[in-house]
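Structure, as structure tokens:
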Amino acid sequence: MTRKLSAIIGILLVGALAIACAPASTPTPPDETEQAPEEEEEEAAPPAAADEEAFTWRMQSPYPEAFPYHQDMVAMCNRITEMSGGRMQFETFASGGIVPAYEELDATVSGTLDAHCGGLSEHRDKFGPVVDLLCQYPGGPTVLQLLAWFYEGDQAGLQFERELYSDLNVHVIGPSTTAGPEDEMWSNRKITSIEDYKGLKIRTYGEWGNVLASFGASVVTMSGSELYPAMERKVIDALEYSTPANDMTMHFYEIADYLHYPGIHSPGVTGSHMWVNQDRWNELPDDLKHIVEYAAQHQAYKGYYTDLYKSGEALQFYEDYGVELVKLPDEVQKAIIDKTDEIWAETSAEDAFFGEVLASQKAVIEQLGASTLMEPNVVAIRAMD
């Protein structure tokens with residue numbers, strides 16, 4: 001019995017040693033097993049992404065890191081990296097990360113930045129009021145109307161923007177994020193008539209500032225970071241900044257009694273556009289160029305829907321917090337649109353390019369308006385007695 005037991009133990013030890021010395025196996029994913037027969041075809045395929053030339057771009061926005069427009073830029077960059085299989089990488093910077101805020105365009109032209117996303121209105125000093133037509137203005141188009149003008153048909157909006165920047169060393173990508181109607185105004189004075197604008201110290205800029213000034217308002221231009229303390233210390237009586245969702249990050253609800261709506265001064269906004277240094281753009285192979293353009297366009301649409309969803313949440317929060325939502329009277333809205341149309345007519349007479357852009361945009365809006373005749377107003381019908 002002892003010899004037999006020793007023999008059995010010896011056999012077991014040899015088997016265990018053989019198992020211990022065997023190489024460890026690596027689990028194979030199911031999809032890899034299914035693709036095994038195609039190995040020969042894969043050998044004839046183009047080189048893997050890791051073997052191809054890679055690009056790393058530095059990008060900056062003029063917005064704080066937590067602001068949704070900056071986050072949209074980061075999301076777009078991440079999507080490009082994923083779609084390119086890692087061939088395009090990005091270092092993203094918020095306001096002031098590499099150059100001071102609002103100097104991103106000059107930095108992109110010089111090559112200090114490879115690309116940037118920012119607002120067209122920041123370039124008003126270079127190009128004049130035509131940038132408002134490409135971005136936002138009182139009584140202007142909605143986001144979907146703007147995007148249709150930019151991307152459908154002959155892509156008139158995109159072509160006009162590229163013509164505008166054609167003398168600079170940049171390639172225009174176009175809108176890279178958008179948002180729905182902006183908050184009309186945060187204030188500590190309720191607007192019930194056009195006369196209530198007289199003497200109102202309000203932060204804004206661009207054509208909207210000119211319209212308000214014509215009604216007797218005192219227009220102040222300052223950066224977003226200055227707004228909260230300025231309102232809190234009563235340096236200004238009112239301000240307009242962005243949409244309900246975007247304004248949540250600025251905490252204006254803590255310092256304003258009233259939030260006016262609807263955003264007649266900005267029915268829709270192409271919040272950020274993207275510009276690329278022309279030399280960097282020329283370096284890219286065609287497939288990566290298509291990926292960059294597609295990702296920006298995708299983010300432009302996605303930004304709009306995300307903003308609509310979050311703005312609904314924000315408005316409910318503001319009401320619960322105690323902010324009074326004030327609807328701007330129809331006659332006030334009409335006065336704003338009439339004054340804008342008057343200014344635009346004068347500008348068109350003085351600036352042929354401006355007039356051409358405005359006429360193109362109006363034609364597309366008119367065409368889109370005809371198509372919306374087929375859309376029932378379900379909300380209004382359901383509310384009927």
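The values are calculated or read from the model by the stated rules, or taken from the named source; none is laboratory data. All figures in this text were calculated on a predicted structure; none of them were measured in a lab. In this analysis, Cβ positions are derived from the backbone assuming ideal geometry, glycine residues included, and neighbour counts consider all displayed protein chains.
General remarks:
- Within the range 168-183, being assigned to a loop (DSSP other than H, G, I, E, B) and modelled with pLDDT of 95 or more holds for Leu168, Asn169.
- Residues being touching a residue at least 24 places away in the same chain (Cβ under 8 Å) and outside any helix (DSSP H, G or I) - total across the range 242-269: 19
- Some residue of the range 206-220 being farther than 17 Å from Leu328 by Cβ and assigned to a loop (DSSP other than H, G, I, E, B): no
- Filter pass, Glu331 being assigned by TED's automatic domain parsing to the domain that holds Ile194, loosely packed, with under 12 Cβ neighbours inside 10 Å and in contact (Cβ under 8 Å) with a residue 24 or more places away in the chain: yes
- Filter pass, Met231 being crowded, with 20+ Cβ neighbours inside 10 Å, in the same structural domain as Arg203 (by TED's automatic domain parsing) and part of a loop (DSSP other than H, G, I, E, B): no
- Residue match in the range 111-123 (condition: in a loop (DSSP other than H, G, I, E, B), surrounded by 17 or more Cβ atoms within 10 Å (Cβ to Cβ), under 18 Å from the mean Cα position of the chain (by Cα) and assigned by TED's automatic domain parsing to the domain that holds Gln299): yes
- Checked against (1) under 14 Å from Ser266 (Cβ atoms); (2) touching a Phe, Trp or Tyr at 6+ places or on another chain (Cβ under 8 Å); (3) of a type in the set (Ser, Thr, Tyr), Ser187 meets all criteria but (1).
- Any chance Tyr258 is out of contact with any Gly (no Cβ under 8 Å at 6 or more places or on another chain) and assigned by TED's automatic domain parsing to the domain that holds Ser61: no
- Unmet requirement for Glu375, which otherwise passes all of (1) acidic (Asp, Glu); (2) modelled with pLDDT under 90; (3) surrounded by 10 or more Cβ atoms within 10 Å (Cβ to Cβ): (3)
- Test: residue in the range 276-284 that is part of a strand (DSSP E or B), in the same structural domain as Met59 (by TED's automatic domain parsing) and out of contact with any Phe, Trp or Tyr (no Cβ under 6 Å at 6 or more places or on another chain): yes
- Cβ pairs under 9 Å, 6+ apart, first in the range 312-328 and at positive phi, second not charged (D, E, K, R): Gly322/Tyr253
- Considering Ala295, Ala238, the condition of being crowded, with 21+ Cβ neighbours inside 10 Å and closer than 30 Å to Thr112 by Cβ is satisfied by Ala295 alone.
- Condition check for Ser272: hydroxyl-bearing (Ser, Thr, Tyr), in a loop (DSSP other than H, G, I, E, B), in contact with a strand residue (DSSP E or B) (Cβ under 8 Å, 6 or more places away or on another chain) and surrounded by 23 or more Cβ atoms within 10 Å (Cβ to Cβ): no
- Residue in the range 305-322 that is modelled with pLDDT under 95, over 30 Å from Thr192 (Cα atoms) and of a type outside the set (S, T, N, Q) present: yes
- All positions within the range 124-167 that are in a loop (DSSP other than H, G, I, E, B) and aromatic (Phe, Trp, Tyr): Tyr137, Tyr165
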